[in-house]
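A short worksheet on the structure shown next.
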Amino acid sequence: MTLIVVKEENNMKLSKRFLNEYVDVEDIDIKSLAEKMVFAGNEYESIEAISAAQNIVVGEILECKKHPESNKLSICQVNIGEENPVQILCGAPNVVDAKKVLVAKVGAVLDGITIKEATLAGMKSNGMICSLSELGLDSKYVTEEDKKGICILKEDAPVGMDGIAYLGFDDQAIDFELTANRADLMSVLGMAYEVGAIYNKKVTEPVISYQETEETIDSLMKLDVNTDACPIYLGKLVKDVTIKESPNFIKTRLMASGIRPINNVVDISNYVMLEFGQPLHFFDKNKLGNH
């Protein structure tokens, strides 16, 4: 007789920054944290940052003018927080509208290519003004718009600051391979309790606070569960929702966890799912009718 043993595994990408909300791991090296988890019986596959790019800083374009001998290139004088501005030639169409930008300094490595001093169309260029697509992000996080032009930052972006840290792309995540009996670790909070037990640290529970009206959902719609496989299904109604972009801290924590940000409604459902391990499904009531 041949015995086949099947080991069921589930993957959970744990963002260090997300985890730090619930248990203090700020000063713990992520590699050390991963190895401690292995000794507790939790194997991991890899440790990754959202972006591995280095030597990227926030820059401010002080002057931008068209190259006299090139239709595509612009000559930019850029403040990168050093004593003197640097001259960078850029061919992105939206560089003329930019003020605060991401600059790869000479010596930076992007997708295996080292940025060097160069001469383009007879003029020196000392660095590169970057698009998001050039930071080595997973392709699912990069839009077609990101590929067409450079990344323009907010006006209050601090000149000279590490650009990857400014964007929140320096967050690291451990990709755990969990066995089927550790469903409790399929959430950031569950992971926080595991880490808290290993390091003897206190876990801070999420603060849940919201205001409910006296109006009941029963008067607005009916919810039927027609399967014994689902013992309970609860619904809430949220009004006056505006669909828009999520705050950056939510987007970067989702990205570190392997989930592509979409908009504030989709993102918060995924955020809470990661936080508590409880799946949520959001629906547009106008499309559901009364059922």
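Quick look at the numbers
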item	result
Accessible surface of residue 234 - all protein chains present, 1.4 Å probe, nearest 10 Å²	140 Å²
Estimated FRET transfer efficiency when R0 is 45 angstrom, pair residue 200-residue 281 (beta carbons, to 0.05)	0.75
Reduced Cα scattering model of region 183-291, Debye log10 I(q)/I(0), q = 0.11, 0.13 Å⁻¹	-0.50, -0.68
Rounded Å value of the spacing that divides the Cα centres of region 178-228 and region 63-140	46 Å
Sites residue 184 and residue 211 - FRET efficiency at Förster radius 30 Å, r taken between beta-carbons, to 0.05	0.45
30 Å Cα-Cα threshold exceeded, pairs from 201/244; 16/285; 36/116; 202/239; 65/251; 124/148	201/244; 16/285; 36/116; 202/239; 65/251
Amide H partners (placed H, <5 Å) of residue 120, local residues excluded	125
Exposed GluC sites (Glu not before Pro) absent: longest stretch of the chain, with sites in DSSP loops and at most 15 other Cβ within 10 Å deemed exposed	84-154
Carbon plus sulfur fraction of accessible area for region 81-202, probe 1.4 Å, in percent	49 percent
The chain: relative contact order as a whole-number percent, Cα under 8 Å and 6+ apart	24 percent
³J(HN,Hα) computed for each position of region 124-130 - Karplus, 6.51 cos²θ - 1.76 cosθ + 1.60, integer Hz, glycine/proline x	6, 10, 10, x, 8, 8, 9
As computed over the chain, the Cα convex hull volume per residue (Å³)	222 Å³
Residue 204 long-range amide H proximity, modeled H, under 5 Å	23
Theoretical FRET efficiency, 1/(1+(r/R0)^6), r = Cβ-Cβ of residue 38 and residue 146, R0 41 Å, to 0.05	0.70
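The values are calculated or read from the model by the stated rules, or taken from the named source; none is laboratory data. Source: prediction; values computed, not measured. For neighbour counting, all protein chains shown are included, and Cβ atoms are generated from backbone atoms with ideal geometry for every residue, glycine included. Protein only, heavy atoms only, side chains kept; ligands, DNA and RNA dropped before computing areas. Shrake-Rupley method; radii C 1.70, N 1.55, O 1.52, S 1.80 Å.
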